[in-house]
Amino acid sequence: TRIAAGPTWVADTLLVGTLDGEVLALAAGDGEVRWRRQMSSEVLAAPRADQGVVVVRTLDGRVTGLNLEDGSTRWVYESTVPALTLRGTGAPLLENGFAMVGLDNGKVIALRLTDGRLVWEETVALPTGRSEVERLVDIDGDPALLAGGLFVTTFQGKIAGFDLRSGRRVWEREASSYQSLAASREEIYEVDDQSRVSALDLQSGDRLWNQDALRYRVLTAPVIVGGHVVVADAEGYVFWLDRET
């Protein structure tokens, strides 16, 4: 089994996704397989679970809700996938009975967790350009959630903040990233597609600082550790950046 995503720990269960398009539920104590479910495509983002529902994002644009107890399908949401996309998907974000998911077409959606009904849908970035490459606007990083706001970034598009309940866009800025965001009480931290690290104001989206000394080092997504933003590069180096500057 070629595990590609996870694990996600839920109570006494570990959830993982595989390159073969399976979701496995494993006993946390001994690794025994409790159930396995064949999905429609590869599972490259970690499954998430809440209120007895496992939400899975597959590479073919589908979002599926599974029963945590036995892996049976509760609902399926299908989205349109562009002809060319980046290889990757962001993990769903579950909060207050909703599943927020970024899609390959530059849209972010909120689905009701119980039945998969679409609650709202907003476009973060529209495809522009003449070639398929120029029109890539995938949302491949995990969204961030803080203070009732949902924050999402796209490749070759924008970073934007939305009201979680209504989907109303609060702010947007030009951006290009395929990494997950990190959020603190006042800032959003982003690593763009050239490995520049930025801090943006949570409320307005204004850029507070930009660190380009690590440009082109193929950085990981940022992680907040105390008063620092931590990233690593493709050669194994770890960098600690002051969150204030």
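Computed values, structure above
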| item | result |
| --- | --- |
| Residue in region 97-112 that is at pLDDT 90 or above and more than 19 Å from THR58 (Cα to Cα) present | yes |
| Any hit, region 71-85, residues being crowded, with 16+ Cβ neighbours inside 10 Å, of a type in the set (A, V, I, L, M, F, W, C) and within 28 Å of LEU26 (Cα to Cα) | yes |
| Meets criteria (of a type in the set (D, E, K, R), modelled with pLDDT under 95 and more than 21 Å from LEU126 (Cα to Cα)) for ASP60 | no |
| Residue list for region 47-67, restricted to those being under 14 Å from LEU103 (Cβ atoms) and surrounded by fewer than 16 Cβ atoms within 10 Å (Cβ to Cβ) | ASP60 |
| Residue list for region 154-171, restricted to those being of a type in the set (Val, Ile, Thr) and within 24 Å of GLY88 (Cβ to Cβ) | THR154, ILE159 |
| Subset of region 99-118 [of a type in the set (Asp, Glu) and surrounded by fewer than 23 Cβ atoms within 10 Å (Cβ to Cβ)] | ASP115 |
| VAL101 vs. criteria closer than 24 Å to GLN179 by Cβ and assigned to a strand (DSSP E or B) | yes |
| One residue from GLY31, GLY21 being within 15 Å of THR8 (Cα to Cα), modelled with pLDDT under 95 and not assigned by TED's automatic domain parsing to the domain that holds LEU136 | GLY31 |
| Residue within region 77-93 that is assigned to a strand (DSSP E or B) and under 13 Å from the mean Cα position of the chain (by Cα) present | yes |
| Residue, surrounded by the most Cβ atoms within 10 Å (Cβ to Cβ), within region 17-46, restricted to residues that are of a type in the set (Asp, Glu) and over 20 Å from SER180 (Cβ atoms) | GLU22 |
| Strands (runs of 3 or more DSSP E) wholly inside region 140-245 containing at least 2 residues that are without any contact (Cβ under 8 Å) to a residue 60 or more places away in the chain, closer than 21 Å to MET100 by Cβ and of a type in the set (Gly, Ala, Ser) | 157-163 |
| Filter result for the condition that a residue is of a type in the set (A, V, I, L, M, F, W, C), over 15 Å from the mean Cα position of the chain (by Cα), assigned by TED's automatic domain parsing to the domain that holds ARG207 and on the phi < 0 side of the Ramachandran plot, over LEU68, LEU145, LEU103, LEU118 | LEU118 |
| Matching residues, region 2-16, being free of Cβ contacts under 8 Å to residues at least 40 places away in the same chain and buried (at least 17 other Cβ atoms within 10 Å of the Cβ) | LEU14, LEU15, VAL16 |
| Count - residues of region 95-137 that are polar (S, T, N, Q) and in contact with a Ser or Thr (Cβ under 8 Å, 6 or more places away or on another chain) | 1 |
| Selection from region 207-245 of residues that are polar (S, T, N, Q) and exposed (fewer than 15 other Cβ atoms within 10 Å of the Cβ) | ASN210, THR245 |
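The values are calculated or read from the model by the stated rules, or taken from the named source; none is laboratory data. A quick note: this is a predicted structure, and the numbers were derived from the prediction, not measured. Glycine gets a Cβ as well: all are built from the backbone with ideal geometry, and neighbour counts include every protein chain shown.
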